[in-house]
Amino acid sequence: MPMQNIPPITRYLIIANVAVFFICLLFPPVHYFLIKEGALYPVFYNNYGSLHFNLDFKLWQLVTYMFLHADFSHIFFNMFSLWMFGRIIEQTLGTKRFLAYYFICGIGAGLCQIIMQIFTENLPNAATIGASGACYGILLAFGLLYPNQKIYLIIPPIPIKAKWFVIGYAILEAYLAFNTDSNIAHFAHLGGMLFGLLCLYNWRLWPLSKYGFDRWDRMYVEEKKLNMFQRLWRDFKGLFHFRRRPKMKVYKSSQYGRSASQSAQDAAANSPTPPRSPEEQARIDAILEKVRRSGYASLTADEKRILFKQK
């Protein structure tokens, strides 16, 4: 999929992570500085049962650690999952809310990791890096919003519903967190999923899976007309633009001499967009369902024309 067809926040997050990775790869002094100042160090460390405050911890590390990765496989799998699931969740939640969700999951994952490090002995300076916590939060959102969407695994090569895939991953991470001593931050993965669950529960967005995608999916047809700088400026302005909800039109009821059906007919006649016929509405509903199941790219040219036709 071309980069211009990826929703803006997902696209810029991938670009930022890859750019930081290659900067660290090409410039070792910069890598050393970013690890020293940007990796997430524990607030306290437990040294043989005695807690000590860690001077290496800085508050901004709860954000910056998400943009640092250990090696190529680390960043590849994180960015692949962000591309695979993030673009769908961004189209569902909207750009501003998806950006907030991503950082809530990432910061929550970091908090869970440093809390659990207090109870881990003999790890005086173990730093955490990587966007895995935020990516696990996005994976959880996909499982909640699209529970019956099938995911095709490579190993084993079988399809599995998203809800079972997410539950299986959560169980596996919980088992590994308490039964292995690897350098993988399993508690950060679980923390990202936990904060994602709390965030979605607070927003109460589970019903969104029934209604298709965000308005970005209807607008990105114009994306190809803009160059890179125009897209960047538009997306930047969009983060700080809040639309006022339009006022509702109120029509007189039958007590003023007109029946409710007559008022509805007059409202439809005066509306700038005349009502669709049942056949047209059924056709549009089928196209929107196809977008929900297979994505916008699966539409034919005729279906796109019908979907975006201005009446």
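Taking the stated definitions as given, is ILE151 surrounded by 13 or more Cβ atoms within 10 Å (Cβ to Cβ), among the aliphatic types (A, V, I, L, M) and not in a helix (DSSP H, G or I)? The answer is yes for ILE151. Taking only pairs six or more apart or across chains, which ones have beta-carbon atoms under 7 Å, a first residue in segment 50-66 that is free of Cβ contacts under 8 Å to residues at least 24 places away in the same chain and within 20 Å of PHE119 (Cα to Cα), and a second residue that is assigned to a strand (DSSP E or B) and open to solvent by 50 Å² or more (accessible area, probe 1.4 Å)? What qualifies is PHE53/PHE44. Could you please find all residues in segment 257-287 being open to solvent by 80 Å² or more (accessible area, probe 1.4 Å), at pLDDT 75 or above and either in contact with a helix residue (DSSP H, G or I) (Cβ under 8 Å, 6 or more places away or on another chain) or part of a loop (DSSP other than H, G, I, E, B) (or both)? Within segment 257-287, ARG283 is the sole residue that qualifies. Here are the criteria: (1) open to solvent by 40 Å² or more (accessible area, probe 1.4 Å); (2) within 24 Å of ARG11 (Cα to Cα); (3) hydroxyl-bearing (Ser, Thr, Tyr). Tell me which single one SER132 does not satisfy. Result: SER132 fails condition (1) only. Of TYR220, TYR211, all but one fail to be modelled with pLDDT under 70 and open to solvent by less than 80 Å² (accessible area, probe 1.4 Å); the exception is TYR220. The number of residues in segment 21-41 being within 19 Å of GLY110 (Cα to Cα), assigned to a helix (DSSP H, G or I) and aliphatic (A, V, I, L, M) comes to 2. For segment 171-185, the criterion of a residue being within 20 Å of ILE104 (Cβ to Cβ), modelled with pLDDT under 90 and not acidic (Asp, Glu) is satisfied by at least one position.
Here's a check for you: in segment 42-92, which residue that is open to solvent by less than 20 Å² (accessible area, probe 1.4 Å) and among the hydroxyl-bearing types (Ser, Thr, Tyr) is nearest to the chain's Cα centre (by Cα)? The qualifying residue nearest to the chain's Cα centre (by Cα) is THR92. Every test in (1) part of a helix (DSSP H, G or I); (2) touching a Pro at 6+ places or on another chain (Cβ under 8 Å) is passed by MET84 save one, and that test is (2). For ARG204, the conditions (1) among the charged types (D, E, K, R); (2) surrounded by 15 or more Cβ atoms within 10 Å (Cβ to Cβ); (3) at pLDDT 50 or above all hold with the exception of (2).
The values are calculated or read from the model by the stated rules, or taken from the named source; none is laboratory data. Please read all numbers here as calculations on a predicted model, not as lab measurements. Neighbour counts run over all protein chains shown; Cβ positions are idealised from the backbone, glycine included. Keep in mind that these areas ignore ligands, DNA and RNA; they rest on the heavy atoms of the full protein, side chains included. Shrake-Rupley method; radii C 1.70, N 1.55, O 1.52, S 1.80 Å.
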